[in-house]
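The values are calculated or read from the model by the stated rules, or taken from the named source; none is laboratory data. Here the structure is a predicted model, which means the values were calculated and not measured. Quick reminder, even Gly has a Cβ in these numbers, built from the backbone with ideal geometry, and neighbours come from all protein chains shown.
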Amino acid sequence: MTFRNRFLFLIVGIVFILGMVREWRNHYRTADEYDAPRQLSGKTQTIEIRHRETGCDCPDWELTSQHADTPARFGKEFLYIEPGHAGMDVPAAYWALADSGYVLQLTGQFYKGEAIPYDYTQKTDQKPQKARVFYYTASAVVKPE
């Protein structure tokens, strides 16, 4: 091998390694299809949640009621929500009444395991934290008992 060939081989090797490091870093900054929820639990339930504003890429909906499948040892559980279809968003009435103590009542199913929802929008350049995801098909704004 001549000096020129060794030099070119070294340059190509360094560029390859830098590219691999860049791809590795980017993979751990964004959510991809491997982080998305896969399978619904098959158990329909109604939950009550309230929104908590967080400055991080983490779940920002808090369960206000304790359910049989919610571990009590963790205290408050935070989760993501995912609408059943594109037109179904959190009702505007919830955002108007949230400061008055109203909560959002959702009917749907939890996905199995922890994940990041399909429609999640990142707030920072860090990869979002995985948590339980609730797939809802009906929503209502209610005053807790």
Cβ pairs under 8 Å, 6+ apart, first in the range 82-100 and within 26 Å of Ile116 (Cα to Cα), second surrounded by 15 or more Cβ atoms within 10 Å (Cβ to Cβ) and of a type in the set (Lys, Arg): Ala98/Arg50
Subset of the range 97-125 (residues that are within 16 Å of Pro144 (Cα to Cα) and of a type in the set (A, V, I, L, M, F, W, C)): Leu97, Ala98, Val103, Leu104, Leu106
In the range 88-117, the residues that are farther than 13 Å from Arg50 by Cα, β-branched (Val, Ile, Thr) and at pLDDT 90 or above: Thr107
